[in-house]
Amino acid sequence: MVEVSTPHVNRPWLAHYDAGVPRSIEVPEIGVPQLLIQACERWPDHTAIIYGRRRLLYRELYEKARRLAAILRGLGVEQGDRVAIMLPNCPQFTIAFFGILLAGGIAVPTSPIYTAREAEMQLKNSGAKVAIALGRLGPMIAKLADAVGLRHVILTSLRRMLPLPDRWLLRFVKAVRADDLPIADHRFHRWRALMKPARPIEAPVPVSPTDLAVLQYTGGTTGVSKGAMLSHRNLVANCAQVTAWMAQSSTGTGVYLGVTPFFHIYALTTVVLSAVTMGATVVCMVRFDADKVVRAIQKYRPNMFHGVPTMYVAIIRAAEKAKADFSSVKACLSGAAPLPPQVQQRFEAMTGGSLVEGYGLSEASPVTHINPLCGPRKLGSIGLPVPNTDCKIVDIADPDREVPVGEAGVLAIRGPQVMQGYWQAPAETALVLRDGWLYTGDVARVDADGFFYIVGRQKEMILVGGFNVYPREVEEVLLTHPNVEEAAVIGVPDEYRGESVKAFVVPRNGEAVSEEELRAFARQRLAPYKVFRSLEVCQSLPKTAAGKVLRRLLREGKGEEKV
């Protein structure tokens with residue numbers, strides 16, 4: 001009989017924490033707004049946000065958030081009401097987020113690039129009473145307002161927070177000009193018209209740490225998205241866990257480059273909230289553009305960067321072309337997708353800093369694992385559980401049985417960052433939350449040192465003639481080929497095997513990719529049943545805003561343009 005080790009009891013990962021990273025932390029029993037209040041008290045005249053040539057100090061950020069809170073209360077927002085934020089990365093996002101929470105509301109971050117169908121689903125499911133959105137989204141929201149029950153919509157412009165010269169120049173940009181088009185509906189209001197005369201709320205609406213702060217909708221990579229109910233304590237705890245991991249960082253001096261979308265929980269926690277906790281400055285970039293990122297790094301000298309693998313690939317290309325100096329960058333976190341080892345090595349050689357892979361999910365606020373920034377790390381690993389986080393690997397068929405170290409199974413997580421459940425979905429909640437454990441649906445393994453490795457998603461497992469194939473394992477092999485930039489793997493029906501492996505690859509720098517050569521390459525590194533039987537070469541892969549490959553679209557034949 002095999003003796004089963006229980007790493008969640010032994011916690012071998014604690015021995016591999018960087019010096020200065022606490023083995024456990026005390027989670028403050030406060031609401032999320034208190035993070036901004038404390039920052040304002042400690043660093044009132046420190047720059048909180050840089051947006052173009054505009055610098056917003058912490059005291060100004062807090063004052064604007066208090067004014068918006070008063071406006072929301074005046075529009076009828078009561079404690080527990082949901083307010084949607086349909087904005088890209090801009091100062092108004094952060095003001096709106098804290099303003100909603102100061103008013104006692106629940107923030108519902110929603111992608112500003114959603115179609116009407118996608119936006120309608122989230123607005124209706126959340127029961128949002130108010131939406132704060134880009135002006136260009138006004139016509140779409142106006143068509144949805146009655147169906148989803150919106151009572152008020154506050155519209156703003158990307159140029160509204162810029163200095164006058166910059167505002168004047170952007171008047172001629174068609175996409176930005178669309179933010180100023182009028183909407184003939186009494187429920188629609190202009191941000192500036194409301195904010196200019198508003199007086200700040202006298203005191204934040206009292207909240208309990210267990211009250212909901214955010215409804216964070218899952219990416220929907222495997223189906224319909226669900227609203228993860230994240231409490232104030234969930235977010236405060238995860239913020240404390242992430243900042244504790246950055247033990248070498250000092251408060252009040254950091255500069256974060258804010259490129260990953262704030263409406264996704266990854267950036268909301270690791271950039272927006274972590275920066276406020278540390279008194280750092282966020283250089284706010286509306287969208288990712290590798291050349292602009294390179295220029296921003298040289299101009300603002302950030303020491304922290306949070307991205308996804310495709311961003312790092314593009315930045316490396318742009319930086320090498322521009323011969324840029326990236327020596328200010330000391331720590332970078334990569335999430336949302338596997339980090340190819342060669343990308344990690346090239347980026348670290350270019351910056352002299354650390355680029356480490358982490359792991360998280362909306363249901364855990366999101367961060368649960370990060371590789372050490374200074375100490376030994378293992379390529380291909382998502383790293384170690386962050387402080388106060390327990391993990392175990394359980395049998396796919398029997399979640400009550402923990403599997404031996406090194407064996408693949410479903411990753412289960414327990415910690416103060418784990419959600420309260422899915423919004424208005426008790427049946428779905430019961431499937432993933434049991435006795436305080438979050439069953440992620442990701443197939444993983446753990447080694448004897450407590451480093452975890454994601455193998456694939458339980459629902460994405462490919463059954464080839466009775467053998468289990470996990471997409472990530474095949475993708476990681478394909479990514480080691482010198483001519484492959486990106487790779488994704490799915491299962492397709494196979495009359496003989498039940499399913500077979502199909503691969504999609506994006507060539508590196510226009511290099512030719514031969515199917516037979518790549519298959520021979522894979523055969524040297526994978527068991528025969530894991531080797532792809534069909535291949536498509538593409539210009540790009542369909543992804544979520546957070547950078548996750550949408551395998552669902554690949555299965556539906558809705559991928560990006562083929563080469």
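The values are calculated or read from the model by the stated rules, or taken from the named source; none is laboratory data. As the structure is a computational prediction, the values presented were derived from the model and not from experiment. Reconstructed Cβ throughout: ideal geometry from the backbone, glycine too, with neighbour counts over all protein chains shown.
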task: For K64, state whether it is among the charged types (D, E, K, R), more than 19 Å from the chain's Cα centre (by Cα), in the same structural domain as P197 (by TED's automatic domain parsing) and within 26 Å of R233 (Cβ to Cβ).
output: yes
message: Restricting to the range 348-373, count the residues that are at pLDDT 90 or above and either among the hydrophobic types (A, V, I, L, M, F, W, C) or more than 14 Å from the chain's Cα centre (by Cα) (or both).
response: 9
message: Here is a check on your reading of the model: is V477 farther than 30 Å from V386 by Cβ and of a type in the set (A, V, I, L, M, F, W, C)?
response: no
- prompt: Using beta carbons and a limit of 9 Å, which pairs, at least six apart or on different chains, have the first residue in the range 261-280 and farther than 23 Å from Q122 by Cα and the second one modelled with pLDDT of 95 or more and of a type in the set (D, E, K, R)?
  reply: G279/R42
- prompt: Within the range 313-325, is even one residue in contact with a helix residue (DSSP H, G or I) (Cβ under 8 Å, 6 or more places away or on another chain), closer than 30 Å to N234 by Cα and not assigned by TED's automatic domain parsing to the domain that holds N509?
  reply: no
- prompt: Which pairs do you get when a residue that is touching a residue at least 40 places away in the same chain (Cβ under 8 Å), found in the range 108-126, comes within reach of a residue that is assigned to a helix (DSSP H, G or I) and of a type in the set (S, T, N, Q), reach meaning Cβ atoms under 8 angstrom, with the pair 6+ apart or on two chains?
  reply: V108/Q122; V108/S126; T110/Q122
message: Can you tell me which condition E348 does not meet? The list is (1) in contact with a Leu (Cβ under 9 Å, 6 or more places away or on another chain); (2) in contact (Cβ under 8 Å) with a residue 40 or more places away in the chain, and all the others hold.
response: (2)
Positions within the range 275-311 being in a helix (DSSP H, G or I), farther than 24 Å from Q241 by Cα and within 16 Å of the chain's Cα centre (by Cα), in sequence order: T310, M311
field: Pair list, Cβ under 7 Å, 6 or more apart: the range 302-317 residue charged (D, E, K, R), other residue surrounded by fewer than 21 Cβ atoms within 10 Å (Cβ to Cβ)
entry: R317/A290
query: Is it fair to say G547 is at positive phi and surrounded by 20 or more Cβ atoms within 10 Å (Cβ to Cβ)?
result: yes
query: Among the residues of the range 304-321, is any modelled with pLDDT under 95 and basic (K, R)?
result: yes
query: Within the range 166-173, is even one residue modelled with pLDDT under 95, surrounded by 21 or more Cβ atoms within 10 Å (Cβ to Cβ) and not in a loop (DSSP other than H, G, I, E, B)?
result: no
